[in-house]
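J.: Dropping the structure in here first, questions after.
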Amino acid sequence: MSKFPEQFAFFQKHLGPGLFALMGILFLSLLSIGQKAIIQAPILELKGFLVPVLFGGFSGFIIGFLFQRLNKDFQQRLIEQDESHRELVHSEEKFRLLAENARDVIFRWLLNEKKFEYISPAIFSLSGYPAESFLKDPRLLYKILHPEDRLLFSENSRQIEKGQLMPHQEFRIRHRNGDTVWINQRHTLGYNDQGKTTCLEGICTDISEFRAAQKERTEMEGQLRHAQKIEAVGRLAGGIAHDFNNLLTVINGYSSILLEDPENLNMVSQGLKEIQKAGSKATDLTGQLLNYSRKQVSDPEQINPVEKIQDSIKMMHRLIGEDITMNLNLDPETPNILMDSIHLDQILLNLLTNARDAMPDGGHLDISLKPVHLNRFRCKLCHSQLNGDHVALTVADNGPGIEPCLIDKVFDPFFTTKEPSKGTGLGLATVEGIIHQNNGHIQIESTMDQGSVFTIILPSKPKQETSIKTESPTPSVHLQGKEVLLIVEDEEMVLRLTSTVLKQHGYEVLLAENAEKAQEVFAQRGDDIALVLSDVVMPGMNGILLADLLCKKKPELEIVLMSGYVGSELNRHKINESEYSYLKKPFGSEALVRTIRQLLDNREQKEI
């Protein structure tokens, strides 16, 4: 086929409109002259184009000149195109090698076709599967996703298809060898000429080592924080022992009086009341001590901060020391706050300990609490703007103060100005973390040689209206029963006490000092037993496992677990997740029989 159309277009493009028109005029004039001025010459092919060689007069000279110029321009353009092509090939090769040798995985995912257009060879070390496997099976990535991450990954994929893109995401995959690999994926959307999204391009990085180090650091921080609480409990031990000795003196003293003169009814009544009061105070002390040392986090609840701080200070005042005077200024109109009461204890304990350490030679400590209404208040620590009703707790000391250059560092984990043996650097970091967790803010002001002031701002909650019911005590006849009960308790005194109380209320009581004995008793009388009352922490099998075992044999069996300390966090979790009732030691006789009666009555109503 003739190449004339291509040549014609080429000349028109590269000669420009002026020269192309001039050449056309000259060529037509030559044709009009005929054989006198033009001789059809041979055809010369240059670089794929046909160039006619024309002879004849001035017109032939002009045309020859133009073709010669065009040929030179064309050859120069071809040289430039060859150089550009070589540079393009070299650049593509360079970036191909860069992508194929990169440690991170580079990919392009086609959104409409739902498949990989490209994925770099690094995917093999990341997943154990070659790149070809992902190209052949687009669902391979989803197949090796960690089961717990599939739902979130699918949701993110749907958002990407809608054009709503998060700059990165983290997920886990199962390596071909069974290992779990953490991946950080950073990506962007690709668009066509019409502005429509066509693909997702990104980079995947293995962050497994970083995640493992982060987890280890978190665990270490948790252990250090717990160690700090245990250290504080140790400091409190002396004061608690003093309080317990006072309570034991009351209990033992009145017990001796009653034994010496049991006929003195007035003294018996007074003595029993004092013993009961001392026991109640001892219960509060052990409860606070366990709360300080426990690891788990409770659900927040509405608490009265005035009452809570007053109760906590009673225990903490021994931690401060007699050489530091403490002044409490708690506004009784302060509203409630939504917080775990143990969190408030931890805040106070850390701030008071910090203040005491800042005043080794004694000093003055002010603790105040009041409601505040904020209007565009700017937090100095996080720069958030606060508005509305809040509660402000202030702890101020007249110690040496904090250097201005250190103010911004005091809340950093492990930062401390104390000697290594006297501080972990986690006290104020713990306070800041707890406050942030409860949607609060903390401010610090300090002046050298004058002291420091810590102000904690927490959202307030309106006090819940509680109606006071004046119900008469339930007649004891309503707490009577005839059912068969099994009590499992390794402490002999508690076993005798609960047995005596329940027998007085008409129940038939079977006793077992451990889980093994309980199973033997249940094997003999299981059909008759309506309820099992079991301690949680016992030698051998614990009460939770025993309850699970017995309920498998008799699903309608009622269970009441009792303990003053459940032991591990796992036990606490199992109790919370189970449907078993729970009695916290120490408990009174009425609480015991009322709990058992209610469970048995509810079972009877269900059966009806």
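Readers should treat all values here as calculations from the given coordinates under stated rules, not as data from a laboratory. If you're wondering where the values come from, they're calculated on a predicted model, not measured in any experiment. Every residue, glycine as well, gets a Cβ built from its backbone with ideal geometry; the counts of neighbours run over all protein chains shown.
J.: Ranked highest first by the average count of other Cβ atoms within 10 Å around their residues, in what order do 490-497, 447-454 fall?
T.: Ranking the peptides 490-497, 447-454 by packing returns 447-454, 490-497.
J.: What net charge do the residues around residue 197 carry, taking every other residue with its C-beta under 10 Å from that of residue 197, with Lys and Arg at +1 and Asp and Glu at -1?
T.: Taking every other residue near residue 197 into account, the sum is +1.
J.: Just list whichever of 281/482; 503/585; 517/552; 277/482 have alpha carbons separated by over 26 Å in the model shown.
T.: 281/482; 277/482
J.: Which peptide among 262-271, 130-139 comes first, and what is the full order, when sorted by highest mean count of other Cβ atoms within 10 Å?
T.: 130-139, 262-271
J.: What ratio of Cα Rg to 2.2 N^0.38 Å holds for the stretch 346-403?
T.: Its radius of gyration relative to the 2.2 N^0.38 Å reference: 1.38.
J.: Here's something else I'd like to know. Taking the alpha-carbon set of the stretch 158-205, what are its Rg and Dmax in Å?
T.: 13.6, 44
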